[in-house]
Amino acid sequence: MRKQYRRVTDTERDTIAMRLAEEGTQRAIARELGRSASTISREVRRNRYATGTYGATHAAKKARRRRATCRNGKRKLGRDTRLWTYVERKLHHFWSPEQIVASLERAYPHDMTMRISSEAIYQYLYVHPSKELRRLLRHGHLRRRSRGRPKKADNRGTISDMTMIDARPEEVVSRLVPGHWEGDIIKGKRNQSALGTLVERRTRYTILVPLTSFDAPSVRKAFAEALTNLPEDIRRTLTYDQGKEMADHLQLTLDTGMQVYFAHEGSPWERGTNENTNGLIRQFFPKGTDFTTVTREEITRAQALLNDRPRKVLGFQKPDEVLSLVLH
């Protein structure tokens, strides 16, 4: 019976490097490690320095790079398979690898060939020569990066007659009852244009609001038009930051019947659902976008794609699906 091959471990590489430095032979090293002489010879030949010397750390790095390249060309996503076709299609809809993995399990519950881990997708994308594939990921980074520093507080003045977030009913915090929204605007190129964003806390259903301007009256009118198109059952409250564009909040309450609550200054985590959603929206409209050149059709398409995307927080259901369930 053929013996299963085992990769050389980092501990074995330490031993190989030590024994070679002591001028031991490769056959003697093979006997000590219980390996074949050909395994040791291949390891040294493939992973040594250009000078011909062998170092354990350098050898380990070369081996890992080779395995990554090998996976890129020979493993699941490196071949022209149904799996890659599915993954690529979802990437072009701006789904995350985690969302794709969960969707595969739902779409192909009994087909084990249609399985892959999110880490395998990330690894494939980051060794793939095409940068365009990496740009499809949420943040569009060409290399994996660590999290940045938190945003600084934004001192934009005060708004009169604010009702603070602390006064919200418990049903808002619990997310058990639909109809509680969080809102914001994302700025465009040189802060001269903007797009309104509204997200429902329970279902994560998102509405993108075209804005001709982002002064308080314009934002109030645009938000009121978007919100009053919704069933009354899911128009309860709106949580916002202290941006001056919400100065007409009392009139917005009269227009929509929705009480507006304000987060504390410099506390974006109090509107975490909306902040996270704004990050997703930037996949479609990156920083520097001039929203005056973005058509309503493009905004409608982005909204549809966001609401048709499975979300981990929803058990990988889609916001469209969850909203439909709560409305019926």
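Every number here is computed from the coordinates shown, using simple stated rules; none is lab data. Every value quoted in this text rests on a predicted model; they were computed, and no experiment measured them. Here the Cβ positions follow ideal geometry from the backbone for every residue, glycine too, while neighbour counts run over all protein chains shown.
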For the chain, take the longest principal axis of its alpha carbons; what is the angle in degrees between that and the long axis of helix 296-307, to the nearest 10 within 0 to 90? 60
Among the aspartates and glutamates, which have Cα under 18 Å from the Cα of residue 62 when same-chain residues fewer than 8 positions away are ignored? 10, 12, 14, 43
Which listed pairs, of 287/312; 221/312; 61/318; 189/221, have C-alpha distances above 31 Å, in listed order: 221/312; 61/318
What is the magnitude of the charge dipole of the chain about its Cα centre, with +1 placed on the Cβ of each Lys and Arg, -1 on the Cβ of each Asp and Glu, and no other charges, expressed in debye to the nearest 20? 3160
Mind pulling the angle between the C-alpha long axis of helix 37-47 and the longest principal axis of the chain? Nearest 10 degrees, somewhere in 0 to 90. 50
Taking the Cβ of residue 28 as the center, what net charge do the other residues with Cβ under 15 Å away carry, scoring Lys and Arg +1 and Asp and Glu -1? -1
Ordering of 266-272, 234-240, 301-307 by burial proxy (mean other Cβ atoms within 10 Å per residue, highest first): 234-240, 301-307, 266-272
Using only Cα atoms, find the angle between the long axis of helix 82-91 and the longest principal axis of the chain, and express it within 0 to 90 degrees, rounded to the nearest 10. 40
Using mean Cβ contacts within 10 Å as the protection proxy, how do 199-210, 181-192, 51-62, 6-17 order, highest first? 199-210, 181-192, 6-17, 51-62
